[in-house]
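Working notes, beginning with the structure itself.
The values are calculated or read from the model by the stated rules, or taken from the named source; none is laboratory data. Keep in mind the model is a prediction, meaning the values are calculated, not measured. Neighbour counts are summed over all protein chains in view; Cβ atoms, including those assigned to glycine, are modelled from backbone coordinates with ideal geometry. For the accessible areas, the whole protein counts, side chains as well, though only heavy atoms, and no ligand, DNA or RNA atoms are used. Shrake-Rupley method; radii C 1.70, N 1.55, O 1.52, S 1.80 Å.
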Amino acid sequence: MKTVGEISPRPRLPAAARAALDDRLGERVSYSEAVRSQHGHSETHFASCLPDAVVFVENTDEVVFVVGLCAAHDIKLTAYGAGTSIEGNALPIAGGISLDMSRMNRILSINADDFDVTVEAGVTRIALNNHLRDQGLFFPVDPGADATIGGMASTRASGTNAVRYGTMREAVLGLRVVTADGREIRTARRARKSAAGYDLTRLFVGAEGTLGIITEVTLRLHPIPEVISSAVCSFETLEGAATTVIQAIQLGVPLARAEILDDAQMRAVNRWSKLGYPEKTTLFFEFHGSQASVDEQVATVEELATSNGGGTFSWSSLPEERSRLWKARHEAYYATLGLRPGSAGWATDVCVPIGRLAECISETKRDLSTCSVPATICGHVGDGNFHVCFALDPDAPDEWAEVEAFNARLVARALTMDGTCTGEHGIGLGKQAALVDELGDGVDLMRAIKRALDPAGIFNPGKIFAPN
Ligand SMILES: Cc1cc2nc3c(=O)[nH]c(=O)nc-3n(C[C@H](O)[C@H](O)[C@H](O)COP(=O)(O)OP(=O)(O)OC[C@H]3O[C@@H](n4cnc5c(N)ncnc54)[C@H](O)[C@@H]3O)c2cc1C
């Protein structure tokens with residue numbers, strides 16, 4: 001297993017800083033091994049590393065206080081939302097404080113007429129949608145995991161709905177952020193568009209907590225569609241499935257979700273979620289709109305599927321059936337790990353222009369056929385984004401080397417096709433070399449921005465590029 005950071009059994013914050021923290025926040029500062037371990041653990045293949053303390057903040061004043069304390073004592077500070085990120089993004093690899101945002105979970109204002117909402121950063125997307133449902137509104141960005149809005153903004157997350165509703169880049173209208181010098185700034189007002197200077201909102205969206213701590217987020221909302229219909233369709237080939245989605249998008253069909261799962265992923269999902277779908281490459285679709293519009297979308301997509309080797313569509317219109325279907329899709333990663341009990345997960349994340357997708361997936365599948373580590377493919381095929389998920393033996397270094405080499409080839413393939421090393425998981429620890437391959441001197445500009453906004457390198461050190 002790879003090791004990052006140092007496992008420190010004893011807290012090592014300066015005594016004066018500890019005293020100030022304890023005095024102001026009392027029991028909301030934790031030095032316990034269990035709480036620190038939970039905040040130093042990643043969902044994927046990165047080894048654990050402990051922060052020196054975990055601080056649970058409840059309001060912006062407390063965030064300002066902790067940032068000021070860290071600046072004064074040169075303590076590193078890593079924001080923690082729900083800890084579901086995939087590239088080791090929230091791991092406190094240099095120790096210091098893990099700033100747990102989950103208690104900043106108030107929904108501050110809903111402007112139903114303007115289709116927007118302002119929330120504290122620790123609100124989770126499921127809690128937000130439960131709160132909005134009665135008003136006929138929903139927030140569409142859906143990474144599967146019940147992530148926080150602050151974490152999702154910071155990784156520029158997307159997920160199954162992005163093909164229709166966009167990613168966090170489109171969803172975030174404005175932010176409140178605590179900066180390294182202890183100020184709380186606002187990046188934008190609620191207006192739908194603005195040409196007011198540099199786009200600070202998008203600077204912090206995707207910054208992985210390296211530039212400041214997001215305390216509030218204003219989000220775009222959407223009306224809950226009149227009709228929602230989901231379907232599953234299996235295909236003879238991976239190319240046929242990918243081509244169906246590409247052609248549907250090229251014809252302007254407003255697909256709400258279009259997810260691809262290869263035969264291995266379907267085997268894993270059937271086993272994990274106790275389903276009985278054919279174990280072939282499969283598309284999961286969702287259509288939103290009026291009855292007439294959904295009927296029209298469905299007719300077009302069924303025709304395209306048939307011409308590309310697809311079978312019959314199996315429909316789920318009842319809410320509970322749809323939830324079961326999408327729950328199975330969202331648990332695909334755990335289903336892959338379930339193929340090999342005790343395994344460690346490694347999820348790749350390339351994204352290519354939609355016109356190159358079928359070619360990229362096919363070449364990747366061919367490459368995978370010589371790989372000895374159990375793996376599955378699934379993806380947000382409507383965006384050109386797909387994941388190969390490996391279930392590794394944690395104690396087999398040759399498997400790690402094999403997957404690392406595979407991932408490097410996959411990223412190189414995507415870059416050759418003018419794609420990206422990460423469609424949605426971010427750079428974190430795992431994609432730093434790939435970022436340089438992708439953007440070259442652009443990374444120097446990112447470093448300059450980091451130095452300007454966080455000259456002492458307090459926020460989430462060692463992420464995106466190292467050293468900061
Ligand atoms: C099973 C599974 C499926 C997933 N599927 C998808 C998917 O389809 N699409 C997708 O995009 N992602 C997916 N993810 C990844 C993950 O859910 C996202 O990266 C999510 O955005 C992380 O949110 P979080 O609240 O867990 O943040 P964390 O993991 O806690 O933190 C993520 C990053 O944001 C920073 N951060 C957190 N809160 C703040 C804040 N308030 N201010 C500043 N920085 C902050 C952290 O320091 C860290 O760098 C999946 C994860 C799992 C486990």
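The table that follows gives values for the structure above.
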| quantity | calculated |
| --- | --- |
| Long-range neighbours under 9 Å by Cβ, at least six apart or interchain, first residue without any contact (Cβ under 8 Å) to a residue 24 or more places away in the chain within the stretch 277-303, second assigned to a helix (DSSP H, G or I) | E279/D263; E279/A264; E279/M266; E279/R267; E279/N270 |
| Residues within the stretch 132-173 that are within 14 Å of the ligand (Cβ to nearest atom) and either of a type outside the set (S, T, N, Q) or in a helix (DSSP H, G or I) (or both), tallied | 28 |
| Test result for V301, in contact with a helix residue (DSSP H, G or I) (Cβ under 6 Å, 6 or more places away or on another chain), more than 16 Å from the ligand (Cβ to nearest atom) and among the aliphatic types (A, V, I, L, M) | yes |
| Any hit, the stretch 111-129, residues being surrounded by fewer than 16 Cβ atoms within 10 Å (Cβ to Cβ), in a strand (DSSP E or B), in contact (Cβ under 8 Å) with a residue 40 or more places away in the chain and not hydrophobic (A, V, I, L, M, F, W, C) | yes |
| Test: residue in the stretch 422-433 that is touching a helix residue (DSSP H, G or I) at 6+ places or on another chain (Cβ under 6 Å) and buried (at least 17 other Cβ atoms within 10 Å of the Cβ) | yes |
| Residue match in the stretch 403-410 (condition: assigned to a strand (DSSP E or B) and either within 16 Å of the ligand (Cβ to nearest atom) or without any contact (Cβ under 8 Å) to a residue 40 or more places away in the chain (or both)) | no |
| Test: residue in the stretch 45-55 that is within 10 Å of the ligand (Cβ to nearest atom), crowded, with 23+ Cβ neighbours inside 10 Å and either part of a loop (DSSP other than H, G, I, E, B) or modelled with pLDDT of 95 or more (or both) | no |
| Lone qualifier among G136, G206 - being under 17 Å from G423 (Cα atoms), modelled with pLDDT of 95 or more and open to solvent by 10 Å² or more (accessible area, probe 1.4 Å) | G206 |
| Only listed residue being over 30 Å from A180 (Cβ atoms) and open to solvent by less than 20 Å² (accessible area, probe 1.4 Å), chosen from L304, L283, L275, L219 | L283 |
